[in-house]
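Contents: one structure, followed by commentary.
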Amino acid sequence: MNNLRRYKALYLISLPGIIFFIMFKYLPLAGSVMAFQEYNIFKGFTGSPWVGLDQFRRMFTYPEFLRILENTALIGLYDMVFAFPIPIIFALLLNEVRKAVYKRILQTVVYLPHFLSWIIIGGIMIGILSPTTGIVNQALNAFGIEPIYFLGEESYIRIILVGTGVWKDSGWGTIVYLAALASVNPELYEAAKIDGANRWKQTLSITIPTILPTITIMFLLHIGNFLDFGFERVFVFINSLNESRGDILDTYIYRVGLIDQQYSYTTAIGLFKSVIGLLLVMGGNTLSKKASGEGLY
């Protein structure tokens, strides 16, 4: 109570965030019981019959489930390997820009796509990749290459999904790393210059080790969403021609849960995703603490 009175302003500021997490993160956890029921929307939780692990058995015996899980895992892996380092690299490059005007212009340009919805991003990319009027195919045509229907061939869908995510969110992701870079002591660079270290060696020996704890935390948070790639991000690009490689758990949940109204089955899939994410975070945190001494907890 003493802390509450002393820091009442801070508690008041944090109150909206606390209410948000309680309402939209913790209370919905009660709905996880649907995964162990044959849920009936009219009978509710108390009246719906319990079926134990039947929904999970159905999930793992569904012929297409392994294909959808493979798509989700591969797209998540590509996103982790190719998209995760981009904000770090861009933040390091921005940190080297000495002209404040140029730096602000670059930041604004790369931040802007983050504020566009996936519907707008999808429309832009569909226009760019159009086989008739798209700028990409026009460039290919200039070199005598036949137009490619990128969204009509399954081999391109994963590249498109990861690439558009990089374009949309990499600029916004640099904010955290730029904040971490601002905390680097300038005296370290001055001492390194006296020792004859160039900018590249300063980056390797000072900058990256200093922001490594931030990179570790962000990486652990990232792997927690490994199977949670995002419904909107995929739904705007997926169609019957690329579905075999682009269909992920989120789009499958949408079709089966909302359209077919199989609530218990899709709750089981969501619970499966959450457990996998939790295990990845716990395992990654353990390895990180042993390797670098840094972790989420």
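Taking region 224-234, which residues are surrounded by fewer than 17 Cβ atoms within 10 Å (Cβ to Cβ) and not polar (S, T, N, Q)?
Of region 224-234, the ones surrounded by fewer than 17 Cβ atoms within 10 Å (Cβ to Cβ) are 225, 230-232.
Listed by number, the residues that qualify are Gly230, Phe231, Glu232.
Is it the case, given these coordinates, that Leu279 is part of a helix (DSSP H, G or I), without any contact (Cβ under 8 Å) to a residue 12 or more places away in the chain, closer than 25 Å to Leu29 by Cα and within 18 Å of the chain's Cα centre (by Cα)? So Leu279 fits the description; yes.
One line per residue, one yes/no per condition, for (1) in a helix (DSSP H, G or I); (2) closer than 22 Å to Ile124 by Cβ; (3) in contact with a His (Cβ under 9 Å, 6 or more places away or on another chain):
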{"site": "Leu204", "(1), (2), (3)": "yes, no, no"}
{"site": "Thr210", "(1), (2), (3)": "yes, no, no"}
{"site": "Phe226", "(1), (2), (3)": "no, no, no"}
{"site": "Val234", "(1), (2), (3)": "yes, yes, no"}
{"site": "Ser244", "(1), (2), (3)": "yes, no, no"}
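Counting only residues that are farther than 30 Å from Tyr149 by Cα and either surrounded by 14 or more Cβ atoms within 10 Å (Cβ to Cβ) or touching a Leu at 6+ places or on another chain (Cβ under 7 Å) (or both), region 241-281 holds 18 of them. Residues in region 156-196 that are assigned to a helix (DSSP H, G or I), without any contact (Cβ under 8 Å) to a residue 12 or more places away in the chain and of a type in the set (Asp, Glu): Glu187, Glu190. In summary, Ala191 fulfils each of the numbered conditions (1) at pLDDT 90 or above; (2) of a type in the set (Gly, Ala, Ser); (3) more than 24 Å from Phe65 (Cα to Cα) with the single exception of condition (1).
The values are calculated or read from the model by the stated rules, or taken from the named source; none is laboratory data. Computed from a predicted structure; not experimentally measured. No Cβ is skipped: glycine too gets one built from the backbone with ideal geometry, and neighbour counts run over all protein chains shown.
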